[in-house]
Every structure is written in structure tokens, then in C-alpha cells.
1. Using 1/(1 + (r/R0)^6) with R0 = 41 angstrom and r between the beta carbons of E149 and R4, what's the FRET efficiency to the nearest 0.05?
2. Do you know the Lys pair count in the chain for C-alpha distances under 22 Å, with sequence separation 8 or more or different chains?
3. Most fluctuating residue of K136, K83, K14 in a GNM of the chain with Cα springs under 10 Å: which is it?
4. What full-extension length gain, to one decimal in nm, is calculated for A161 and W138 as 0.36 nm per residue of separation minus the Cα-Cα distance?
5. How would you classify region 1-56 from its alpha-carbon gyration tensor, with a ≥ b ≥ c the square roots of the eigenvalues: rounded for a/c under 1.5, else prolate if a/b is greater than b/c, otherwise oblate?
6. When the Cα atoms of region 32-166 are enclosed in a convex hull and the volume is divided per residue, what value in Å³ results?
7. Between region 1-76 and region 78-130, how many Å separate their Cα centres?
8. Percent of alpha carbon pairs in region 112-162 separated by more than 17 Å?
Amino acid sequence: MDRRTRMENFVIRKAKIGDVRAIQDLIMPYAREGRLLPRSLSELYSRIRDFFVCEDNGRIVGCCGLHIVWEDLAEITSLAVNKEFHGRGIGRSLVQACIEEAEELGIPRLFVLTYEEEFFRKLGFQIVDKNIFPQKIWVDCLKCPKFPECDEVALLFNVSAPQESS
Ligand SMILES: CC(C)(COP(=O)(O)OP(=O)(O)OC[C@H]1O[C@@H](n2cnc3c(N)ncnc32)[C@H](O)[C@@H]1OP(=O)(O)O)[C@@H](O)C(=O)NCCC(=O)NCCS
């Protein structure tokens, strides 16, 4: 299936192996600010099938991963949009692409751990208690410099439920 979505001059598509360094370049400035987990090239190569990217005339300006955790749960990871491109709907479109893929895969629930609570609420995610999730989700957190003092908010999205758009 062709997963390309167009808006303005942007194309949202599944990532390719050749996008990995550009994805890391997007993530790392936010990782240095403590807003995203850093990702090694090795992790990104092994997780490349998780990723969608946003391309602007051949330049990768946004990325987002859908990481499957269990039969009924996946995580939105490494959502990053180049600062020059904020506020143009790219973040929303990347998350929407992940939601659509989760729906196709039959995964009913998506979660995210984030500081961007308002952004995800606008997309239909709801705040939940972090403790409702299985221990498996904390594997990545062991790599976080803030572990175990996590101050991120957990939000959940029900893939099959009707959503209000804003
Ligand atoms: C969060 C982020 C991905 C948003 O990307 P973006 O492309 O600027 O977002 P969009 O333009 O798609 O915004 C969609 C909606 O969310 C709103 N929004 C965007 N960022 C927001 C924020 N930080 N707080 C509140 N609302 C926000 C927009 O105003 C827009 O609302 P509207 O539809 O009512 O106009 C981007 O700011 C980013 O890369 N942040 C740094 C990395 C990060 O924190 N990622 C999240 C980790 S899980």
C-alpha cells in the first residue's frame, strides 16, 4: 500500500534505511534539551521500520516512530519536527500516520510519554496514570538520564474509538 500523504509541499512516508542519519539529526537537538530520548544509529537502524518521516523537497524535516510493545499496545516514540517547520501540521500528520498504521495492524491502544501534553490532547490522546502500563514499556526508560525520576506525562489513544478533531 502507498502510505504517502501530501500536505503543502510535504510528503509523509515510511522511513527508509537511508533516512537514519537525518532522523538522528532531528532527534539529537531535542535529546540534548532533555525533551526526547537520545537514539544511537544502531537503535535507529534496528527500529527503522517503526518510523514515518516528513520530507520537504527531499529534506527530512520530521519523524515519528510507532513501536509495538504487546498485542494490544504500541508507543509513539521519537516525534521530532525541525524547529523551522513547527506549527505547520507536520507533527499532527506524523502522529496521524502512526494511528492509521496501528489501526491497520489491529493494535487498539497507543500511548506516549511526553512533555507535550497539550499537543497530544489536541490529537485525541487522554492523560492516564503511568502505572497502568505493563513493565515492558519501561525498557526504554532505563536509558533515560532522568530514570527513575520520570516527570513526563503518559497519554493514551484508543485507536478504534471515534475521535474529535480540533
Ligand atoms: C511537539 C511537536 C512535534 C509539534 O510539532 P508541530 O509540527 O509543530 O505540530 P503541529 O503543527 O502539527 O500542531 C498540531 C496542533 O498542536 C498544536 N501544538 C503544537 N505544538 C504544541 C505545543 N508545544 N503545545 C500545545 N499545542 C501545540 C498546534 O498549535 C496545532 O493546533 P491546532 O490544530 O489547533 O492549530 C514539535 O514541537 C517538536 O518537535 N517538539 C520537540 C520534540 C518533542 O517534544 N516531541 C514530543 C515527544 S513525544
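1. 0.50
2. Number of lysine pairs found: 6.
3. Per the Cα network of the chain with a 10 Å cutoff, K136 tops the list.
4. Result: 5.7 nm gained on full extension.
5. It is oblate, given that a/c is not under 1.5 and a/b is not larger than b/c.
6. Dividing the Cα hull volume of region 32-166 by its residue count gives 125 Å³.
7. So the separation of the two Cα centres works out to 12 Å.
8. 40
Any read-out appearing in this document is the output of simple, stated calculations on the displayed coordinates, not a laboratory observation. Keep in mind it's a predicted model, so treat the numbers as computed, not measured. Because the Cβ atoms are built from the backbone with ideal geometry, glycine has one as well, and the counts that use them run over all protein chains shown.
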